[in-house]
Structures are given as structure tokens and as C-alpha cells.
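Notes for the one structure printed next.
The values are calculated or read from the model by the stated rules, or taken from the named source; none is laboratory data. Predicted model only: the values in this text are computed from it and were never measured. Don't worry about glycine lacking a Cβ; one is built from the backbone with ideal geometry, like all the others, and counts go over all protein chains shown. Note: areas computed on protein heavy atoms with side chains; ligands, DNA, RNA excluded. Shrake-Rupley method; radii C 1.70, N 1.55, O 1.52, S 1.80 Å.
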Amino acid sequence: MSCTKDPEVPAGRKITVWPQWLTAFAISLETIVSGLANGWASPYLAQLTSTTADVPLKLTDIEASWIASLLSLGRVIGALLGAFCQEYTGLKKVLLLSGLPLLSSWILNICATSITWLYLSRFCSGIGSGIMWPAVSLYLGEIANPAIRGSLISLNVNIASMGMFLGNAMGPYMSMEMFGYVSLLPNILFMVLFSLIPESPYHYALHGNIDEAEASLKWFRREADVKAEIQELQDFVDGASTSVLMKLKAFLLPVNLKNIFIMLGLNIFVQASSFSTINAYTEIIVISTKVSITPSIVVMALCFATVAAGFITILLVDRFGRKNLLILSSIGVTVSFAALGLHFHLLSLNFDPVSLTWLPIASLLSFNIFVSCGLSTVPSTLVGEMFPANLKNLASLCIFSSNALLSFAFVKSYQPFINLAGETIVFWSYGLFVLGAVPYVRYLIPETTGKSLLEIQQAIKK
């Protein structure tokens, strides 16, 4: 269905949203590539660290931890590069730029003859993802009608989860070389199709190109007369300076610093949920639980649950509210980690692992469902909503680069933490920390559901 009613427009008036959905699906070709890069880790790290698998390369646990975490480190470099380019080229060109390092990563993967090639491949994947994700949140936040803004951004986060599912499904049955060839296809298709879609109208308005902004808005809205929206768009960017010095001064204003710190705090809870860590080590974790089911099959089922939960989130995020989803997600993740830690505690007491097979599977299934309902999806939506036009780029740089650093720290420290304290303490620690997200979200995160970007800024400044 191409049209839906906007709660903000007069009764009886229809708005056209299919060009916005079409754009989101075009971008999803690239987010699925980022998901494939994440999904690559679980099956191939299990193979490359196995003493029995017939693979050309063998990794130690330390080398595997670097391969798992280098993607997150590359994201920091990518976020910096993407933010610099956004200042001069706009979000569309930045998204197209993200395709190049991702393309390079798969070529390196195909050609890998040593561990160094894999290090470079993972780092390039991280650079591409680091350039892409901030731009995705900002671009979709700017082109979308308020009624579907959260859904469009959640769609792309969920498509990345589908990429992880496909990565986990293909990994046990494909060579790394063939996996790379398959992953190149959506990468190339994205770069071709997205080049045909306009730049965000906000970018044009911010730089004073009102005619281009109007043409872009007409493409996304499919309306001949967009004067009212152009006026609101101009009100939103009114007073926004493209001067770096002026942006820094505005960035340091208390209201903007407050929102930065609120989002940084939220990201600490997001990374404490260990979504990146669990994704990288899923098959190794399943093997360590000693379940009686083939680990690769369990991993595929878990990834499928993530995709299913993500599609439910697309339906709920613009109806149920951002805060409610974050709170529900945090409570669910806490309970999941508590149950997973209990399983390892029971194993330490010499309980029969076969009789406990249901417990770790149910725990990991619950984790994947609940983390996908909020903690892994909603923050990306909030980044595109909570900041004024001239600070979106700088704010997204701070938030996404710090998020990547936190992800690197959690993924890299996982194996040493396990070696030091054991699985029980590790998962219970994660769960206890994530529980703190409930009061944090309840009292500090603003509700942005259904509001235009201008309305959100007006509410924040009150």
C-alpha cells in the first residue's frame, strides 16, 4: 500500500510514502552487506580456531579476538572519515562512499592467504560500516515522514540482522572465498541503484539551495506543492551555520551537550548488552554450553529469531514508542543473561548438559529477540532525531565513534574476561549492568515518536 494517513496532516489528506520506502530498501542492500560482515565472524571463527576443521588457516584465541574486534575498531575510523565527508558532499555521496571499503573487504577475504589478509578485511568492513551507519540514520531521518521515520531506520537495522542470519547460514557450508563472492553482489547493486536517488532536502536547505531542496522533497513526497514543508524545513535549519567554529560553539551549549551525554550513556548500556560480542562468538558460546544439537543449526535459529523480532519492531517503533521498547528490551536482555549464566553455573555443579539443552537455547533465543526489540534498533533512530540540523553530523560522529570504541572494548575483552572469571560471572555481570538501562531510559530519554524534527527540537529546548 503506497499511502498512509499522517496524524499531523488534516483529515482526508493522504501522503505518499512509497518513494521513502523504496529508498530505504535501496539502502538496505548495503546494510545487508554490513550484516554479512558481522555474520561472517561466528561460523568462520569457530572453524579457524577448531583443531579438527579442514581449513587453510588456523587461529589462536588471541588472533581470533583481534579478528572479531577489528571490525569495531575500523568503525571508529569510518565514522571520522564519514563525518568529514558529510560536511562537503552530503549524505548521499557518503553512503555511496561506504560501499568502497566494504567492496575492498570482500576482495581481501577472497584473496586471503594469511591472517594479515583477514585483519585487513575485517578492518575495511569496519571502515565501511562506520561510514555507513551514521549516514543511514541521518539520511532516513531527514527524508522520512514522521509517521514512518522510526520504521524506515528500524528496517535497515533489521536488514543488517538478516545479513547476519545469512552469514551464519552460509558460513558452515561455504568456503570463505565463495562467501566473499556472494557478498559482493548486493554491494555492487546498492552502488548502482542508490546513485539514482536524490540527496536529502535538508542538505540542500542547509546550504541555501532551496530549488534543489524543493525538487528533492517533491521526489520523496510525490506532491506538486510542497511549500508548507519547505517552510518547515527552512524553519528547522534557520540559523544553522556551516562554519566549523560556529558549530563547535553551538555544540558546547548545555542543551546540546546534555543530549550528547544522554546518547553516550545509552550506548554504554547498548554495548553492555553485548550484542556485538554475542554475534561474533555465538557458535563458540553454543559449543561451550555443551548442547546436544548441532551448534551451527542453533546459531541459524537464533539469527532467524533476531530477524523476526526486528520485523515486529518495525511495526511497533512508531506506535508503541521509543522509550517503551527500550525498557522492554533492557528487562528481557537482563533476564536472558541471568538464565544463560545460570546454565553455566549448573554445568559447574556437574549437571547433565543434555538435560539442560533447552536452557541455553531458550536464553540465547530470548536474548536475540529482546535485544532486537529495542537496544540494537532504537538508538539509531534517536540519533537522527535529537539534534538540530547543523549539529547532526558532529553529534553522530561523537555517538557512533564512541559506540564503535565501546564495541571494540567489549568484543576484545570478552575472551580475556571469560578466561579470568568464567562464563557465569561474565553473563551475570552483563545482565546486572543492562538492568540499569531501565531507570536511565525512563527518566532521561525523550519520547520522539510521531513528532517532526522541528517539533522534537522545540520540545527539547523547553
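The mean accessible area for residues of the chain, using a 1.4 Å probe and ignoring ligands and nucleic acids, is 39 Å² per residue. When CYS373, CYS111 are compared by accessible area at a 1.4 angstrom probe, the order from most to least is CYS111, CYS373.
In percent, rounded to a whole number, the relative contact order of the chain is 24, using alpha-carbon pairs under 8 Å and six or more apart. In the assembled protein chains, THR449 presents an accessible area of approximately 30 Å² (probe radius 1.4 Å).
Using Cα centres only, tell me the gap between segment 151-222 and segment 335-381 in whole Å. Cα centroid of segment 151-222 versus Cα centroid of segment 335-381: 32 Å apart. Going by accessible surface with a 1.4 Å probe and the largest first, PHE337, PHE165 read PHE165, PHE337.
Using only Cα atoms, figure out Rg for segment 14-197 and give it as a multiple of 2.2 N^0.38 Å. Provide the component values of the computation, followed by the final result.
On the way: Rg = 16.8 Å, N = 184, 2.2 N^0.38 = 16.0 Å.
Normalised Cα radius of gyration, segment 14-197: 1.05.
Find the relative contact order for segment 156-283 and round it to a whole percent, using C-alpha pairs within less than 8 Å whose residues are 6+ positions apart. Can you show the working numbers first?
Details: 40 pairs, mean separation 16.8, N = 128.
Result for segment 156-283 is 13 percent.
Applying the criteria of a DSSP loop state and at most 15 other Cβ atoms within 10 Å to the GluC sites (Glu not before Pro) of segment 357-462 yields GLU447. Ordering LEU264, LEU57, ASN38 by Cα displacement along the dipole of the chain toward the positive end leaves LEU264 in first place; charges were set at the Cβ atoms of Lys, Arg (+1) and Asp, Glu (-1). Computed over every Cα-Cα pair of segment 281-369 and binned at 5 Å starting from 0, the pair-distance distribution P(r) comes out as 3, 14, 22, 22, 16, 10, 7, 4, 1, 0 percent. Between MET178 and ILE331, the contour length at 0.36 nm per residue exceeds the alpha carbon distance by 51.1 nm.
A 1.4 Å probe, protein heavy atoms only, puts the accessible area of SER175 near 70 Å².
Surface composition of the chain: carbon and sulfur atoms hold 69% of the protein heavy-atom accessible area at a 1.4 Å probe.
Restricting everything to alpha-carbon atoms, can you work out Rg to Rh for segment 9-122 with a Kirkwood hydrodynamic radius?
Values: Rg = 19.1 Å, Rh = 16.7 Å.
The Rg/Rh ratio comes out at 1.15.
Are there any helices in the chain, counted as whole DSSP H runs, that stretch 24 Å or more along their axis by Cα and score at least -1.0 on average by Kyte-Doolittle, and if so which?
On the way: long enough: 18-49 (46 Å, 0.55); 61-89 (42 Å, 0.83); 91-111 (31 Å, 1.40); 115-143 (41 Å, 0.93); 149-170 (32 Å, 0.82); 176-194 (28 Å, 1.64); 254-272 (27 Å, 1.19); 295-316 (32 Å, 2.30); 322-348 (39 Å, 1.12); 392-421 (41 Å, 0.81).
In the chain, the long hydrophobic H runs are 18-49, 61-89, 91-111, 115-143, 149-170, 176-194, 254-272, 295-316, 322-348, 392-421.
The orientation-averaged projection of the convex hull spanning the C-alpha atoms of segment 243-461 amounts to 12.6 square nanometres. Farthest towards the positive end of the charge dipole of segment 173-259, among the residues LEU196, PHE251, SER216, is the Cα of PHE251, using unit charges on the Cβ of Lys, Arg, Asp and Glu.
When all alpha carbon pairs of the chain are counted in 20 Å bins from zero, the resulting P(r) reads 26, 57, 17, 1 %. Here the sum of -39500 (n - 2.57) over DSSP H runs of 4 or more residues, divided by the residues of the chain, equals -25500 deg cm²/dmol at 222 nm, to the nearest 500. Listed peptides 432-438, 228-234 appear in the order 432-438, 228-234 once ranked by packing, highest mean of other Cβ atoms within 10 Å at the front. Remark: the LEU193-GLN231 segment gains 10.7 nm on full extension, using 0.36 nm per residue and subtracting the alpha carbon distance.
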